[in-house]
């Protein structure tokens, strides 16, 4: 491979890296935060008031509120009480507490967990393709006979092996 193509890959790699530095930082930070999503780390209690249909049953209430495994503990008249709050069956008002991350971290996590129904899903696809380009362009940045290229192959092999081991642990 000639010197010209090596420089071209280096330039694409460099400028794409600069362009994507912000989104890579968002994915890195949110990935770390998402590691602790099953805990209350960095979360605070937020009181939520929602107007629902009146006269919902306990089962229907569980489907309407964003609370996993909602269980009504007791009922007193028109009031249904559950661990996180209450529901007034006559008015339809539900008052409950949820744990939420700070707004900036919550937005980062939503970007990280994007799905095809999100209007910005193309950003996730573009970012994935860009990361694949980074992974493969690294192999074209040095001549194959260079010692740094051969050492790089050993590191790449070790990284691939570690990934395979971690997938099955």
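The values are calculated or read from the model by the stated rules, or taken from the named source; none is laboratory data. Source: prediction; values computed, not measured. With ideal geometry, Cβ positions are generated from the backbone for all residues, glycine too; neighbour counts draw on all protein chains shown.
Residues considered: 69, 17, 62. Of these, the only one that is on the phi > 0 side of the Ramachandran plot and either at pLDDT below 90 or in a helix (DSSP H, G or I) (or both) is 69.
Conditions (1) at pLDDT below 90; (2) surrounded by 12 or more Cβ atoms within 10 Å (Cβ to Cβ), marked per residue:
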{"position": "4", "(1), (2)": "yes, no"}
{"position": "26", "(1), (2)": "no, yes"}
{"position": "39", "(1), (2)": "no, no"}
{"position": "44", "(1), (2)": "no, no"}
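Being assigned to a loop (DSSP other than H, G, I, E, B) and not assigned by TED's automatic domain parsing to the domain that holds residue 32 holds for only one residue in 90, 116, and it is 90.
Looking at 121, 136, 140, just one residue is out of contact with any strand residue (DSSP E or B) (no Cβ under 9 Å at 6 or more places or on another chain), surrounded by 14 or more Cβ atoms within 10 Å (Cβ to Cβ) and either over 30 Å from residue 38 (Cβ atoms) or assigned by TED's automatic domain parsing to the domain that holds residue 7 (or both), and that residue is 140.
Just one of (1) under 16 Å from residue 106 (Cβ atoms); (2) out of contact with any strand residue (DSSP E or B) (no Cβ under 9 Å at 6 or more places or on another chain); (3) in contact (Cβ under 8 Å) with a residue 12 or more places away in the chain; (4) part of a loop (DSSP other than H, G, I, E, B) fails for residue 34. It is (4).
With respect to (1) over 30 Å from residue 132 (Cβ atoms); (2) within 28 Å of the chain's Cα centre (by Cα), the lone exception for residue 23 is condition (1). Every test in (1) free of Cβ contacts under 8 Å to residues at least 40 places away in the same chain; (2) in a helix (DSSP H, G or I); (3) under 25 Å from the mean Cα position of the chain (by Cα) is passed by residue 150 save one, and that test is (3).
Taking region 38-57 as the region of interest, how many residues are touching a residue at least 24 places away in the same chain (Cβ under 8 Å) and under 28 Å from residue 123 (Cβ atoms)? Going through region 38-57 one residue at a time, the tally reaches 3. Could you run through region 72-87 and say how many residues are assigned to a strand (DSSP E or B) and surrounded by 12 or more Cβ atoms within 10 Å (Cβ to Cβ)? Residues flagged as assigned to a strand (DSSP E or B) and surrounded by 12 or more Cβ atoms within 10 Å (Cβ to Cβ) within region 72-87 amount to 9. Among the residues of region 5-23, just one is under 17 Å from residue 107 (Cα atoms) and in contact (Cβ under 8 Å) with a residue 12 or more places away in the chain, namely 23.
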